[in-house]
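Contents: one structure, followed by commentary.
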Ligand code: SAH
């Protein structure tokens, strides 16, 4: 049998989910991690690209109905071309790849070109929008049927593929996609065909995202109400009894719903923090102000490991310190066993959790997560006078901990395992948002994040934007006050969870 000369890759038509990045399927996320090339649409949440390998090719295809956009024909060509270049090609499409998504056409082209493909379904916007707005599409008490309809065909009676007379008689729910451009016509057409203008209708814009908005009205008024409220695409239109207010709109009841919160840690810290904000219904705006840089080299590290055995206690003062230590350890082909019976102290819960990722539990952790409390804990409980204690920490940490330990008669050893260097954030984006007054909170987790942030963003702009400021603890709060700003919320427990709790209580 003749072998094909050209290597043909496998193409995955993957549904990205309806908006929120974590509504993709497990299979979808797994394929994004494996992809050599990702071609994604306008409605896909760009946050999903963080799964994609750095060396993968990423192509954005903002297909629109308007001029100057990429046509479906050229997307099809691109798919075939790229499939020849890559082993794993992910074609990432908003919602479900086939639901009004032209996934069928793309599959046909691939099939016709003898390119293997797989379809990975996604949560479609029509279903997600309704569930996030408390619209129960198939509640058997009032809706035993649901029709998914495109709203792009409302004009032009002859060419329409939609059975309008049938829809006008429909007793269940009607869900329109792409209906905002024609909303008035859709309503008129249904009413003309005999559906009552008193039928309930709802429009859900930016579903599942922190800027989700819902307008409820009667069919005859829905277009006017949306215009008044400034609702536009992307939105789902639902018509039928299910569109009535069910009192089940759970999403907007989340504690941070509608709040835009700037996070200013390093990229990894921001991603973790952003996840917590999203879970509480808020929007996280990532503005990394620092970059964590490892400071150890192999010789230094080998020396450190040798001396580790001579110490009674090893102290970690941040999760970053833990990660960098273990990265290095692993690169040297070693693991947690280097600790033997040496005791371990952690400044707080995040550091403890980072240790637990490597199978270790801290013997000492203070109730309050400060270096001062940590020193006290070690003095009170570890009986450290005259003992050797190894500090593994950041080069920019304050000297409070070593000072307190030295005063307590400890023989100090240790190393600066990492430092935080300044990082430039997306200044233009944030300035724009501040000017629009569409930012609610700035959050800071260390004095260096405060310093680096305000070297890039003017305090005058921050003051005039009506934005509030939250701090992870007293040391950071002092740094904020020092530059003349007010701290509106301060965490009681010095973690990002504590910080969000403080914001929620304002
Ligand atoms: N394949 C997609 C739909 C593509 S058609 C899916 O399965 O969801 C594009 C339409 O989807 C938009 O016009 C809008 O009606 C709807 N849509 C997509 N994302 C949306 C969102 N976050 N909120 C509301 N509607 C959305």
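By how many nm would the segment from residue 252 to residue 42 lengthen if fully extended, with 0.36 nm per residue of separation less the alpha-carbon distance?
Numbers: separation 210, 0.36 × 210 = 75.60 nm, distance 2.50 nm.
Result: 73.1 nm gained on full extension.
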> Label points 7 Å out from Cα along the Cβ direction at residue 87 and residue 171: separation in nm?
Replying inline: 5.6
> Helix 267-279 sits at what angle to the longest principal axis of the chain, using alpha carbons and giving 0 to 90 degrees rounded to 10?
Replying inline: 50
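For residue 356 and residue 310, FRET efficiency with R0 = 25 Å and r from the beta-carbon atoms, rounded to 0.05?
Details: r = 25 Å, r/R0 = 1.02.
That pair, residue 310 with residue 356, gives E of 0.50.
Take every DSSP beta bridge whose two residues both sit in the chain, then give the antiparallel share in percent to the nearest 5. Display every interim value, and only then the final one.
Details: 20 of 72 bridges.
Just about 30 percent of them are antiparallel.
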> Angle, helix 183-192 long axis vs. longest principal axis of the chain, Cα atoms, 0 to 90°, nearest 10?
Replying inline: 40
>> Could you check the spin-label model distance between residue 383 and residue 488? Points 7 Å from the Cα along Cα→Cβ, value in nm.
In response: 5.1
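If you stretched the chain out fully between residue 335 and residue 147, how much longer would it get, using 0.36 nm times the residue separation minus the C-alpha to C-alpha distance? Before the final figure, lay out the partial values.
Working: separation 188, 0.36 × 188 = 67.68 nm, distance 5.71 nm.
In short, 62.0 nm is gained.
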> To the nearest 0.05, how large is the calculated FRET efficiency for residue 72 and residue 245 if R₀ is 25 Å and r is the Cβ-Cβ distance?
Replying inline: 0.05
>> Could you work out how much longer the chain between residue 59 and residue 497 gets when fully extended? Use 0.36 nm per residue separation minus the Cα distance between them, nm to one decimal.
In response: 154.1 nm
> By DSSP, what percent of the beta bridges with both residues in the stretch 293-422 are antiparallel, rounded to the nearest 5?
Replying inline: 10
> Just how far, in whole angstrom, is the stretch 397-417 from the stretch 433-506 if you go by their alpha carbon centroids?
Replying inline: 29
> Against the longest alpha carbon principal axis of the chain, how many degrees, from 0 to 90 and to the nearest 10, is the axis of helix 103-112 turned?
Replying inline: 90
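Let me check against my output: what whole-number percent is the relative contact order of the stretch 185-254, with C-alpha pairs under 8 Å and at least 6 apart?
Working: 93 pairs, mean separation 24.3, N = 70.
The value is 35 percent.
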> For labels at residue 461 and residue 105 in the simple 7 Å Cα→Cβ model, what's the distance in nm?
Replying inline: 4.1
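Based on the Cβ-Cβ distance from residue 233 to residue 478, what FRET efficiency comes out when R0 is 56 Å, to the nearest 0.05? It would help to have the intermediate numbers written out before the result.
Details: r = 46 Å, r/R0 = 0.83.
That pair, residue 233 with residue 478, gives E of 0.75.
Where a number appears in this text, it was derived from the coordinates with a stated rule and is not lab data. Since we're looking at a predicted model, the values are computed, not measured. Positions of Cβ are backbone-derived with ideal geometry, glycine not excepted, and every protein chain shown enters the neighbour counts.
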